[in-house]
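Inspection log for the structure reproduced underneath, given as structure tokens.
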Amino acid sequence: MPAARPTASPDPITSRRHPLLGRVRAAADGHGDDVLLEGPHLVGEALVARGRVTLVLVAVTAANRPEVASLLAHAAARDVPLHYAGDAAFASASPARTPAGVLALASLSLSTADQLAGGPDPLVTVAIGVQDPGNLGTLMRSSEAAGASGVAVLGASAHPFGWKALRGSMGSALRLPIVREADAGAGVRALQQRGLRLVALSAAAAHGLYEVDLTGPLAVCAGAEGTGLSPEVLALCDTQVRIPMCLPVESLNVGVAASLVLFEAMRQRGSRA
């Protein structure tokens, strides 16, 4: 049976004022109901993961690249509308400094605390006030790699479905259950009420990472870049851990630090890889 042929809009979009490009720019800025996916890898992941890709926008000069052509055939087989744009028009809609030639709009949904905490032996990553979307993307990617059951994004953190966070997650944010809650205390208590033990990352903790039991239902709490977790959140946590490191280094990137804890939790539980 022949492969489905991509069906494109009759003519490439050339006007930067085209309504579809305005819709893409609005999604990049976090407005409206659309989620923006940037680059062929992430768009390809979205076509096979949860969520619904509502349209794909392609730069005319990118359409014949092998990885892009394969993606377009996949999108066409799923009846996803395809639109082409001239390079200048495409670049005006892409939020990336170096556009990858493919953008998509999708509809994604957040999960609930019950979904994060359900199932046997849950392991949840809790990002509180992590404002850099790249760091948040790293946390989501490491969470999936370490076998976590989901991610809670609390407080003034970046939006987990922002285009930079999605790109940083390399597709993990499309597959993991993710909760978003503006009230960090309420989000932490919700997990605690569902039987999860809360472990906080803190440079001042008395116990090193390799001294702490990380088995059983667990939530690993990582705080804002620079300031870490607030005293209020630390008071709610059951245990605090620090990452042992050689001087003169005193701290690690939040994505790196949380990843170390998650993989130590996976090791203690028995590798799920």
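The values are calculated or read from the model by the stated rules, or taken from the named source; none is laboratory data. The model shown is predicted, which means the values in this text are computed figures rather than measured ones. As a convention, Cβ positions derive from the backbone with ideal geometry for all residues, glycine included, and neighbour counts pool all protein chains shown.
Matching residues to (1) surrounded by fewer than 22 Cβ atoms within 10 Å (Cβ to Cβ); (2) more than 26 Å from Val24 (Cα to Cα); (3) among the charged types (D, E, K, R):
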| residue | (1), (2), (3) |
| --- | --- |
| Lys164 | yes, no, yes |
| Ala173 | no, no, no |
| Arg180 | yes, no, yes |
| Gln192 | yes, yes, no |
| Gly195 | yes, yes, no |
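How many residues does the stretch 91-103 contain that are in a strand (DSSP E or B) and over 16 Å from Gly22 (Cβ atoms)? Spell out how you get there, then give the answer.
Here is the first cut: in the stretch 91-103, the ones in a strand (DSSP E or B) are 102-103.
The next check asks that each one be over 16 Å from Gly22 (Cβ atoms); those that pass are 102.
The number of residues fulfilling the criteria is 1.
What is the residue count in the stretch 34-81 for residues that are touching an Asp or Glu at 6+ places or on another chain (Cβ under 7 Å) and surrounded by 18 or more Cβ atoms within 10 Å (Cβ to Cβ)?
The number of residues fulfilling the criteria is 2.
Any idea which residue in the stretch 30-64 is modelled with the highest pLDDT, counting only those that are touching a strand residue (DSSP E or B) at 6+ places or on another chain (Cβ under 9 Å) and charged (D, E, K, R)?
Within the stretch 30-64, the match that is modelled with the highest pLDDT is Glu38.
Can you find a residue that is on the phi < 0 side of the Ramachandran plot, surrounded by 24 or more Cβ atoms within 10 Å (Cβ to Cβ) and without any contact (Cβ under 8 Å) to a residue 60 or more places away in the chain anywhere in the stretch 114-125?
Going residue by residue through the stretch 114-125, those that are on the phi < 0 side of the Ramachandran plot are 114-118, 120, 122-125.
Then drop every residue that is not surrounded by 24 or more Cβ atoms within 10 Å (Cβ to Cβ), which leaves 116, 123-125.
With without any contact (Cβ under 8 Å) to a residue 60 or more places away in the chain added as a condition, the list becomes none.
No, the conditions are met nowhere in the stretch 114-125.
So that you can scan it fast, the table gives a plain yes or no per residue for (1) more than 16 Å from Val126 (Cβ to Cβ); (2) outside any strand (DSSP E or B); (3) in contact (Cβ under 8 Å) with a residue 60 or more places away in the chain:
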| residue | (1), (2), (3) |
| --- | --- |
| Ala219 | no, no, yes |
| Glu232 | no, yes, no |
| Ala235 | no, yes, no |
| Val241 | no, no, no |
| Pro244 | yes, yes, no |
| Pro248 | yes, yes, no |
| Ala265 | no, yes, yes |
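Quick check: anything in the stretch 196-208 in a loop (DSSP other than H, G, I, E, B) and either modelled with pLDDT of 95 or more or in contact with a helix residue (DSSP H, G or I) (Cβ under 6 Å, 6 or more places away or on another chain) (or both)?
Yes - at least one qualifying residue is present in the stretch 196-208.
So that you can scan it fast, the table gives a plain yes or no per residue for (1) of a type in the set (Gly, Ala, Ser); (2) more than 25 Å from the chain's Cα centre (by Cα):
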position	(1), (2)
Ala62	yes, yes
Pro66	no, yes
Ala69	yes, yes
Ala73	yes, yes
Arg97	no, no
Val102	no, no
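State which residue pairs qualify: first residue under 12 Å from Val233 (Cβ atoms) and inside the stretch 172-186, second residue part of a loop (DSSP other than H, G, I, E, B) and not hydroxyl-bearing (Ser, Thr, Tyr) in any location, beta carbons under 6 Å apart, and separation of 6 or more residues or different chains.
From residues that are under 12 Å from Val233 (Cβ atoms), the pairs are Ala184/Gly155.
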